[in-house]
Amino acid sequence: MTVLSMSRAEIDRVHVLRDVVAERISVREASQLLRVTRRQVFRLLQAYHSRGPSALVSTRRGRPSNRSYPAALRTEALALIKATYADFGPTLACEKLSERHGIHLGVETVRRWMLADGICQDRKQRLKPVHQPRYRRDCIGELVQIDGSEHWWFEDRGPQCTLLVFIDDATSRLMHLRFVPTESTFDYFEATRAYLERYGKPVAFYSDKHATFRVNKVGATGGDGMTQFGRALHQLNIDIICANVPQAKGRVERANGTLQDRLVKEMRLAGISTIEAGNAFLPAFMVDFNQRFAKVPFSDKDLHRPLGENDHLDDSLAWKEERTVSQNLTLQYDQVLFILEPNEITRPLARQRVQVYDYPDGRFAIKHQGIELPYKIFDRRQQVDQAAIVENKRLGPVLAYIAERQKELDMSRSRKAPRRRGQAKSLFKVG
């Protein structure tokens, strides 16, 4: 007994031809069912009469396609992929085979070869990462999750803005909320100061890998590896931990989702449409929210530490950068020339490093070894007045500044400019 391997279409074709032979249907009806011409039906009937059902099996089955690549080419390509591009995706591996080895193949061809050889897996076959839950921390103040949630909080009544959220890991209690125009270092400075003044210093903050919290530039070698926010927390003896994936800080992420529903609707009912009115509404909302959703901690101990005499929030929560004082007792910061007042303290500081303190409220200070130095500002904007009056004592520093700035006349404001409310987005410093 002979067993034939036939496709579904070939089996259907046998049934139709049997019906024609048995005169249950006409040749015309068979051509409509098989979607071929009447002449082709007669050819199939002639082959069926002479050789039976085996005549309807495709003669190409089991034979390589006329358009297939040579087996030697496939072997060579797979050997190169295994040796050099084993962790490459099919698209990138295909590009490198063409660029570096002169082997020009289609992306889908490379994908099929890699799948068949087990070099890569289809997306449907890849196992999704499992994010298992972890227990809450035992004590309040042990770990505080922070995040910024950008959303249309006022719907179409006001601008899009960001809500800074501080939530305690042990209790899921909202500790601090604040609406800000965008997620910036200065905004986190102000929100963190309000938190510390109310509750004290937690053991650690838990955040994502936003540039405010972590240096994300690959290969960054300058500096101490800290962002301005990280440096501020280090001075206050507070640790910061960055989560690798959003699911790791799920409490604040889930809280954001709840807030984007409840808070938006509560502010709609209250007719709130501005950031200022929203911030005034938040304390009462937090009380109600915590009564509904906060959990009881495993331990009654509060690990918040009170602010000490050495915790200077003004200086810690400020943007700090070092500058070198010139021979003329001048220094530049953010394309602004600062002229130090000559006295017994500033005169020896030529070619010395000093620190510029840029405070969130817009104040500046220049310090050396903790001593604040007197200064005046010569801003580039004063150059618009070509007949400006300059004191004789200031002429040297002014001319030196003008000569240097003329070399960079077409340069825009530094990308490292600190963020100020009301400025254009291109002028913001965020990390």
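The values are calculated or read from the model by the stated rules, or taken from the named source; none is laboratory data. Computed from a predicted model, the values in this text were never measured in an experiment. Because the Cβ atoms are built from the backbone with ideal geometry, glycine has one as well, and the counts that use them run over all protein chains shown.
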Inset, instruction - Kindly indicate whether any position in the stretch 130-149 is in the same structural domain as R231 (by TED's automatic domain parsing), hydroxyl-bearing (S, T, Y) and either surrounded by fewer than 22 Cβ atoms within 10 Å (Cβ to Cβ) or at pLDDT 95 or above (or both). - result: yes
Inset, instruction - May I ask you to list the residues in the stretch 92-116 that are within 19 Å of R67 (Cα to Cα), outside any helix (DSSP H, G or I) and free of Cβ contacts under 8 Å to residues at least 12 places away in the same chain? - result: H104
Inset, instruction - Sort out which residues of the stretch 172-195 are closer than 19 Å to L143 by Cβ and touching a Lys or Arg at 6+ places or on another chain (Cβ under 6 Å), and write them in order of number. - result: S172, A191
Legend entry - Single residue of the stretch 153-185 satisfying the filter (out of contact with any helix residue (DSSP H, G or I) (no Cβ under 9 Å at 6 or more places or on another chain) and of a type outside the set (S, T, Y)) that is farthest from D315 (Cα to Cα): D156
Legend entry - the stretch 329-340 residues that are over 13 Å from K367 (Cβ atoms) and in contact (Cβ under 8 Å) with a residue 12 or more places away in the chain, paired with ones that are in a loop (DSSP other than H, G, I, E, B) and of a type in the set (G, A, S) (beta carbon under 7 Å, 6 or more apart): L329/A350; D334/S414; D334/A417; Q335/S414
Inset, instruction - Only residues that are without any contact (Cβ under 8 Å) to a residue 24 or more places away in the chain, outside any helix (DSSP H, G or I) and surrounded by 11 or more Cβ atoms within 10 Å (Cβ to Cβ): list them for the stretch 69-91, please. - result: Y85, F88
Legend entry - Enumeration of residues in the stretch 312-330 that are over 24 Å from A232 (Cα atoms) and surrounded by 20 or more Cβ atoms within 10 Å (Cβ to Cβ): V325, L329, T330
